[in-house]
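These notes are about the structure you will find just below.
The values are calculated or read from the model by the stated rules, or taken from the named source; none is laboratory data. Just so we're clear, the structure is a prediction, and the values are computed from it rather than from any experiment. Neighbour counts are summed over all protein chains in view; Cβ atoms, including those assigned to glycine, are modelled from backbone coordinates with ideal geometry.
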Amino acid sequence: MGFKWTMMLVLCVLIGGSMGAKPNKPIDVPFGRNYEPSWAFDHIKYLNGGSEIQLSLDNRTGTGFQSKGSYLFGHFSMHIKMVAGDSAGTVTAFYLSSQNSEHDEIDFEFLGNKTGEPYILQTNVYTGGKGDKEQRIYLWFDPTKDYHTYSVLWNLHQIVFFVDEYPIRVFKNNKNLGVKFPFDQSMKIYSSLWEADDWATRGGLEKIDWSNAPFVASYKGFHIDGCESSVNAKFCANQGKSWWDQKEFQDLDKTQWRLLRRVRDKYTIYNYCTDKKRFSTTPIECKRNRDVPRNSRKEN
C-alpha cells in the first residue's frame, strides 16, 4: 500500500477518536482578531471580510504580519496555500520568536522550487539565540493546490510541529541533559513571504525569475490558543489549566510516534542529527527526540 493511502487510513483512525493526545480543533477567526501587518502593508490583500489574506512578493519587496499578543506556550496554527508555479528563491515562513538578541524561535520555512519540483519544508528550533537544528522534508502533497494546516504545539515538555494531522517533528525538553529549551521567553507569531535566492533553492543555485512576479501565498484560519503575556513575562499564569498543558500532551502517543517515524523515513532529506560534517558527535537531544535513524541510534 502506498504511503499516501496508508496515511489516509491512519488519519481515519485518528479522527475516529483512538488517539487521546490529538490537539483540539483550531478555531478559525478573521485576520484582525489575532494579527496585524508588520511591513509592506500595500503587499497584503484582504479577502472575504478579512477571513482570508494574500501576501505578495515582487522585485520591490515582500511582506509579513505578526500577532498582536505575545505568548508563553500554546497551540498555534495557520491554513496556508503556498506560492504556485515557479517559486524558486522564495520563502514562505510561519514561526514564533521572542524579541531579544538571545532569542528563542520555532520555525516553519517553506522553500520554493522550480515548477513541477516538490516544495521543501524546513523546520528549526532556536534556543538562547542559537539554532543549527535544521530538518528538511518533502511534503507528500502539492501545497499550492489547496489549503493545508501547519501547527505548533508548545508546552513545558515538548514542541511538536504538525502538518495537518501528522506530527512531523518533536523537540523534547531536555534541560536535564543540558540542552536549552524555550520556556521563559514569550513569543510573538510571525509570517512572511520574502526573497531568499541566495540559499533557499538548491543552496542558492536557482534564482528568482522576476518575470513570474508577483508571487502570492494565501492564508486563513489565524488560530491562536496560548498563554498571553507581556513581552517580559517569564512564566504562564495559567500553567496547567489549558488543554495543551495536560498530561496527555506531554509526549506523543504510539500512533503519533509511528506517524512521525513514517514521515521521517520516507520524506526526510536533511537532518542535523545525522550530519557528521557539522557535528562529529551526535547532538545529545537527538536520541530522545528519536531523530537518529534506527540503524544508527547509538552513542558516538
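In summary, residue 45 fulfils each of the numbered conditions (1) in contact with a helix residue (DSSP H, G or I) (Cβ under 6 Å, 6 or more places away or on another chain); (2) at pLDDT 95 or above with the single exception of condition (1). Of the residues making up the stretch 218-243, those that are touching a Ser or Thr at 6+ places or on another chain (Cβ under 6 Å) and farther than 18 Å from residue 152 by Cβ are 231, 233.
Just so you know, in the stretch 48-64 the residues that are part of a loop (DSSP other than H, G, I, E, B) and touching a residue at least 40 places away in the same chain (Cβ under 8 Å) include one that is nearest to residue 116 (Cα to Cα), and it is 58. Within the stretch 278-293, does at least one residue satisfy the condition of being more than 30 Å from residue 184 (Cβ to Cβ) and surrounded by fewer than 18 Cβ atoms within 10 Å (Cβ to Cβ)? Checking the stretch 278-293: at least one residue is more than 30 Å from residue 184 (Cβ to Cβ) and surrounded by fewer than 18 Cβ atoms within 10 Å (Cβ to Cβ). With the structure loaded, tell me whether residue 234 is over 30 Å from residue 111 (Cβ atoms), among the basic types (Lys, Arg), in contact with an Asp or Glu (Cβ under 6 Å, 6 or more places away or on another chain) and outside any helix (DSSP H, G or I) or whether it fails that test. So residue 234 fits the description; yes. Every condition in (1) in contact (Cβ under 8 Å) with a residue 12 or more places away in the chain; (2) surrounded by fewer than 19 Cβ atoms within 10 Å (Cβ to Cβ) holds for residue 175 except the one numbered (1). Screening 231, 216 for residues that are within 17 Å of residue 69 (Cβ to Cβ) and among the hydrophobic types (A, V, I, L, M, F, W, C) leaves exactly one candidate, 231. If I filter the stretch 107-128 down to residues being of a type outside the set (D, E, K, R) and out of contact with any strand residue (DSSP E or B) (no Cβ under 9 Å at 6 or more places or on another chain), which single residue comes out as nearest to residue 204 (Cα to Cα)? Within the stretch 107-128, the match that is nearest to residue 204 (Cα to Cα) is 115. Counting only strands (runs of 3 or more DSSP E) that fall entirely inside the stretch 65-145 and contain at least 3 residues that are buried (at least 20 other Cβ atoms within 10 Å of the Cβ) and free of Cβ contacts under 8 Å to residues at least 60 places away in the same chain, the qualifying elements are 105-111, 120-126. Looking at the stretch 147-169 only, could you name the residues that are of a type in the set (D, E, K, R) and part of a loop (DSSP other than H, G, I, E, B)? Listed by number, the residues that qualify are 164, 165.
Starting from residues that are among the charged types (D, E, K, R) and surrounded by 14 or more Cβ atoms within 10 Å (Cβ to Cβ), keep the ones in the stretch 46-64 and report whichever is farthest from the chain's Cα centre (by Cα).
Within the stretch 46-64, the first condition is being among the charged types (D, E, K, R), and the residues that meet it are 52, 58, 60.
With surrounded by 14 or more Cβ atoms within 10 Å (Cβ to Cβ) added as a condition, the list becomes 52, 58.
Numbers: 52: 20, 58: 24 Å.
Residue satisfying both the conditions and the ranking: 58.
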